[in-house]
Amino acid sequence: MDASTPTPQPNRAERFVSHLIERCQQDKGLAARLRRADNPATEYQSWELLAAFGIDLTQEAQRLPFATVACAIARAKAEHNGSLSLGRAIAACYEDGRDSGQAKARLRRLLACDDIAELCRLLRPLLSLIDSRAGQPLDYPRLLQQLLRFSRDPQPVKARWAQDFYGQVAEESA
């Protein structure tokens with residue numbers, strides 16, 4: 001790019017994730033609070049960070065996606081953002097990949113969700129599994145954008161997760 005071409009500005013999800021990764025590396029107390037905030041009873045421990053970033057805490061459709069991603073980043077002790085999509089990450093957790101019955105069951109359970117509260121409740125343990133087994137970090141801004149979109153229009157988000165999970169062979173051979 002030449003000097004006259006403007007560099008694209010990071011979107012809100014990208015800014016949130018990069019800010020959070022940096023803060024968790026510098027502030028171990030914040031990282032510990034976020035790890036503890038990973039369930040509905042203790043989620044309030046993430047609210048200071050979320051409110052400081054301009055998240056409306058009264059709006060579940062906004063609060064839960066940010067809180068879920070923040071807790072996942074803190075728990076994973078992420079040093080940088082990854083490139084792994086949620087669908088691929090689920091498959092990567094199992095030796096048989098997308099042919100694994102357990103992987104398919106986890107994906108189907110996510111695809112059956114109808115609201116953001118249920119989805120985030122199911123994602124929390126799944127994100128821990130992905131962190132421990134997938135071998136590479138998730139694309140957290142992409143996941144956050146998908147979670148935020150889920151409340152408004154879940155079908156395209158679900159279709160993307162299924163495509164990423166089942167469509168690996170087609171993409172790899174292309």
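The values are calculated or read from the model by the stated rules, or taken from the named source; none is laboratory data. Keep in mind that what you see is a predicted model, and the values were worked out from it rather than measured. Using ideal geometry, Cβ is built from the backbone for each residue, glycine included, and neighbour counts are taken over all protein chains shown. Please note that ligands, DNA and RNA were not included when accessible areas were found on the heavy atoms of the full protein model with its side chains. Shrake-Rupley method; radii C 1.70, N 1.55, O 1.52, S 1.80 Å.
Annotations
- Hey, residue 110 at pLDDT 95 or above and in contact with a strand residue (DSSP E or B) (Cβ under 9 Å, 6 or more places away or on another chain) or not: no
- Of everything in region 105-136 that is farther than 18 Å from residue 40 by Cα and without any contact (Cβ under 8 Å) to a residue 40 or more places away in the chain, the residue that is most open to solvent (accessible area, probe 1.4 Å) is 108.
- Meeting the requirement of 2 or more residues that are charged (D, E, K, R), the helices (runs of 4 or more DSSP H) wholly within region 1-107 are 12-26, 28-36, 60-76.
- Matching residues in region 66-124 - criterion: being closer than 12 Å to residue 166 by Cα and not small (Gly, Ala, Ser): 86, 88, 90, 98, 99, 104, 107, 108
- Restricting 74, 52 to those that are among the hydrophobic types (A, V, I, L, M, F, W, C) and surrounded by 12 or more Cβ atoms within 10 Å (Cβ to Cβ) reduces the list to 74.
- Considering residues of region 137-160 that are in a helix (DSSP H, G or I) and without any contact (Cβ under 8 Å) to a residue 12 or more places away in the chain only, the residue surrounded by the fewest Cβ atoms within 10 Å (Cβ to Cβ): 155
- Subset of region 143-167 (residues that are over 14 Å from residue 68 (Cα atoms) and aromatic (Phe, Trp, Tyr)): 161, 165, 166
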